[in-house]
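Before any comments, here is the structure.
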Amino acid sequence: MKQAAMLDLSSEYQLYKEKIREAVDAVLESQHFIGGPAVSAFEERMCAELGVSHAVAVSSGTDALLCTLMALEIGQGDEVVLPAFSFFATAGSVARVGAKPVFVDIDARTFNIDPDQVAAAITPKTKAVMVVHLYGQCADMDPILTVASRAGIPVIEDAAQAVGATYKQRRAGTLGTAACLSFYPTKNLGGFGEGGMILTGDERLATIARQLRNHGESQRYVHERIGGNFRLDTMKAAILLVKLDYWARFTRQRRHNASVYDRLLGDAPVETPFGAPDREPVYHQYTIRCRRRDELATYLGDKQVATGIYYAVPLHLQKCFASLGYSIGSLPVTEEACECVLSLPCHPMLTDEQLAYVAASVKSFYDV
Ligand SMILES: *Cc1c(COP(=O)(O)O)cnc(C)c1O
């Protein structure tokens with residue numbers, strides 16, 4: 001097939017359509033739409049899959065971040081150190097609790113937060129470090145955990161893109177104080193609608209997060225703190241339970257796709273993803289660095305090869321953060337990445353023939 005999309009959710013759906021319909025039907029028959037056994041079963045399955053003690057299902061990845069910050073009582077007057085190269089929600093949630101996002105630069109090879117910069121950005125006001133395992137590859141956690149533990153502050157993992165990834169044989173989501181997952185339909189474990197999860201080994205934090213997702217209730221109509229409605233729908237949990245059975249296979253396929261690209265693009269004038277030897281990524285995105293990026297994207301589009309740019313504008317230069325005082329040149333590695341990254345199709349339904357077509361198309365752009 002001489003084309004490739006960024007995702008093919010319709011083909012994926014054909015694989016589990018019957019099981020999903022059965023699961024949805026059971027929820028419809030029960031007429032129980034919020035929480036319930038499907039949500040608890042999904043939380044338990046995630047704990048078992050990832051080897052973490054507590055999982056709190058919530059309404060989105062964004063709400064997972066927000067709820068985690070609220071549970072850690074981070075707010076006005078506090079600072080949170082985070083990378084400037086991520087999806088907006090990472091920084092937006094910090095600002096929403098009233099804290100100040102302190103943006104730092106990334107490691108040019110992995111696109112993840114630079115541990116040295118984390119150490120330099122910590123002040124007495126810093127109340128957490130938020131790392132992002134971008135594109136499905138874990139950030140270099142050990143030096144960050146060391147710095148954070150010396151400062152006595154928690155590390156929050158934004159693992160929205162990295163469910164299943166490992167760092168030194170440890171799983172993403174189990175590395176810091178708490179971690180946040182997203183089940184947005186395009187994520188590696190994508191649901192049918194919005195969804196997210198907080199993972200933690202800290203029982204107290206899990207209890208608070210459970211209260212916060214339900215307006216801070218400790219028991220019916222007793223509000224211990226001010227939370228929100230961050231609950232996950234029963235139907236979405238039932239669907240995610242079915243999808244979990246396909247997740248390992250899809251992850252293997254993404255890794256296979258990446259290895260095919262690594263090989264086929266090895267002699268192309270682009271930079272393929274840096275594989276840190278102590279990490280196993282899940283390739284939420286397969287992202288290359290390239291010259292004449294926008295021209296290449298257009299050229300590939302003409303050849304029916306979809307691409308994505310994650311992210312074209314760094315967080316520290318977003319309009320809504322103008323008052324924080326960053327300017328062009330503040331975080332040069334991030335800004336350079338925004339100019340040259342391009343993600344190629346890597347979804348689990350791609351065939352080797354399609355991968356070869358994508359790689360050949362990239363090469364032919366530079367040959368002309
Ligand atoms: C998707 C994503 C989020 C937000 O998740 P939603 O479920 O869309 O709210 C947060 N951080 C990162 C890095 C993401 O990729």
Problem set entry | Gyration tensor (alpha-carbon) shape descriptor, the range 48-166, a/c threshold 1.5 | rounded
For this session: With a 1.4 Å probe and every protein chain kept in, tell me what percent of the accessible surface of the chain is carbon plus sulfur.
Result: 51
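Shape call for the chain from the C-alpha gyration tensor, a ≥ b ≥ c root eigenvalues: rounded (a/c under 1.5), prolate (a/b greater than b/c) or oblate?
Judged from the Cα gyration tensor, the chain comes out oblate (a/c at least 1.5, b/c at or above a/b).
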For this session: Evaluate the distance, in nm, between pseudo-label points positioned 7 Å from the Cα of Ser30 and of Glu271 along their respective Cα→Cβ axes.
Result: 4.9
Exercise. For Arg150 and Ser330, what does the FRET efficiency come to when R0 = 25 Å and r is the distance between their Cβ atoms, rounded to the nearest 0.05?
Worked result: 0.45
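Might you tell me the accessible area per residue for the range 12-105, computed with a 1.4 Å probe and given in Å²?
41
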Seminar exercise, completed: Note, the range 92-103: 3J(HN,Hα) by Karplus (6.51, -1.76, 1.60, θ = phi - 60°), whole Hz, Gly/Pro = x, goes x, 5, 5, 5, 5, 7, x, 8, 9, x, 10, 7
Seminar exercise, completed: With x for Gly and Pro, the residue-by-residue ³J(HN,Hα) of the range 104-111, computed from phi through the Karplus equation 6.51 cos²θ - 1.76 cosθ + 1.60 at θ = phi - 60° and given in whole Hz, is 10, 7, 10, 6, 4, 7, 9, 6
For this session: Averaging sequence separations of C-alpha pairs under 8 Å and six or more residues apart, then dividing by the length of the chain, give the relative contact order as a whole percent.
Result: 23
For this session: Would you calculate the separation in nanometres between label points at Tyr366 and Glu22, each defined as 7 Å from the Cα along the Cα-to-beta-carbon direction?
Result: 4.9
For this session: With a/c under 1.5 counting as rounded, go ahead and sort the range 185-284 into rounded, prolate or oblate using the C-alpha gyration tensor (a ≥ b ≥ c being the square roots of the eigenvalues; past the cut-off, prolate if a/b is larger than b/c, else oblate).
Result: prolate
For this session: Determine, from the Cβ-Cβ distance of Ile309 and Gln76 and an R0 of 35 Å, the FRET efficiency 1/(1 + (r/R0)^6), rounded to the nearest 0.05.
Result: 0.50
Exercise. For Ala95 and Ser53, FRET efficiency with R0 = 41 Å and r from the beta-carbon atoms, rounded to 0.05?
Worked result: 0.85
Seminar exercise, completed: Label model pair Leu15, His215: point-to-point distance (7 angstrom along the Cα→beta-carbon line) in nm is 4.1
Problem set entry | Per-residue SASA entry for Val333, accessible area with 1.4 Å probe, Å² rounded to 10 | 40
For this session: Any chance you could list P(r) for the range 207-248, counting all Cα-Cα pairs in 5 angstrom bins from zero, rounded to whole %?
Result: 6, 23, 20, 13, 13, 13, 8, 4, 0
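Quick check: residue separation of His256 and Thr186 times 0.36 nm, minus the Cα distance between them. What number comes out in nm? Could you put the intermediate results ahead of the total?
On the way: separation 70, 0.36 × 70 = 25.20 nm, distance 1.88 nm.
Full extension of this stretch gives 23.3 nm more.
The values are calculated or read from the model by the stated rules, or taken from the named source; none is laboratory data. Computed from a prediction, not measured in an experiment: that's the story for all the values here. All Cβ positions, glycine included, derive from the backbone under ideal geometry; neighbour counts span all protein chains shown. SASA here: full protein model, heavy atoms, side chains in, ligands and nucleic acids out. Shrake-Rupley method; radii C 1.70, N 1.55, O 1.52, S 1.80 Å.
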